[in-house]
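S.K.: Quick one: the structure is below, questions incoming.
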Amino acid sequence: MTGTVITLETSLRRLGRERLQEKTVEAVIRLAPGYDTVAAFLREAGISAPRRAAGIQKKGRQAFQGVIDDYDPAGPADVEELEIWLRSDMQEIVDKALEIIIMARDEVFQMEQIMAQTSVEQRLEDRAFRERRQAVGFLFDQAWYAGQWITGAWAACTSCMEHWQKDGLRGSRKDVSSPHATTNSFSEQKIVLLSAWKKALAAERSR
C-alpha cells in the first residue's frame, strides 16, 4: 500500500445541491466516476479491478432494448415525444443510479480527507479504517457499474431515436394513448428490469 492520496476530479461537496436536482441520464453520465479513478481506489482497498465499461454498457443496451422492442408502430407525433417516452421509462433506474453515485462520491470524498490527514502507518494499524475503505470500495464499484449501465441503456435509446428520424418509424407502446400511461404488463416489465438491475448491482458488491 502506498501513501498516495486518490483524488476525484470533482467532489460531491463542491457540486452544489441544486445540481443534484437534475435527475437526468446526462446527470448520471456526468457524475459517474471514471474507470481509472475507481480502479485506483479499489486497488488501494484490496478489491479486484472493476469490470470494463464495454461489457457493462452492453448489458445496459440489451436490457433496455427489451423495453424499446415493446413499442409498436402507432406512435408519438415526433421524435421529441419519443424521447419523452424513453426518458420516462428510464427515470426510476436513473433515480436509483444517482443515489448510488452521489453516495459513493461523498464517501470517497470523506475517505480522501482521512487519507490526507493520516500516515500510511496509522491507516495500516487502524482496522476500522481498512474495513470502511473496503466498504466504500464496493460502493464505488457499484457507482461505476450503475453509470456504465445507464450509458449503455441510453445508447439504445439514442439509436432508437436516430432510427425513428431516419426511417420515419413510429414507436408507441401497445394500447397506450398517452406517453405517461402504461399497461399492467408494461409496468410489470419495468419492475422486472429494475429488479434485474438491482440484482446486478448487488452482485458487484459481493464479488
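The values are calculated or read from the model by the stated rules, or taken from the named source; none is laboratory data. Quantities reported herein were computed from a predicted structural model and do not represent experimental measurements. Cβ sites come from the backbone with ideal geometry, for glycine too, and all protein chains shown count toward neighbours. Note: areas computed on protein heavy atoms with side chains; ligands, DNA, RNA excluded. Shrake-Rupley method; radii C 1.70, N 1.55, O 1.52, S 1.80 Å.
S.K.: Keeping the other protein chains in place, figure out the carbon and sulfur percent of the accessible area of the stretch 25-170, with a 1.4 Å probe.
M.R.: Answer for the stretch 25-170: carbon and sulfur cover 49 percent of the accessible area.
S.K.: Say the cut-off is 23 Å between C-alpha atoms; which of Lys96/Lys166; Lys96/Lys199; Lys59/Lys166 go over it?
M.R.: With Cα atoms farther than 23 Å apart: Lys96/Lys166; Lys59/Lys166.
S.K.: While we're looking at this one, here's another question. Tally Lys/Arg at +1 and Asp/Glu at -1 over every other residue whose Cβ is under 12 Å from the Cβ of Val25; what's the total?
M.R.: Net charge in that neighbourhood comes out at -2.
S.K.: Another question, then. How large are Rg and Dmax for the stretch 25-170 when only the alpha carbon atoms are used, in Å?
M.R.: According to the Cα coordinates of the stretch 25-170, Rg and Dmax are 19.3, 66 Å.
S.K.: Something else now. For the stretch 25-170, report the accessible area per residue in Å² (1.4 Å probe, heavy atoms, rounded to an integer).
M.R.: Roughly 46 Å² per residue, with all protein chains present.
S.K.: Give the peptides 111-120, 60-69 in descending order of average Cβ contacts within 10 Å, highest first.
M.R.: In decreasing order of mean packing, 111-120, 60-69 become 60-69, 111-120.
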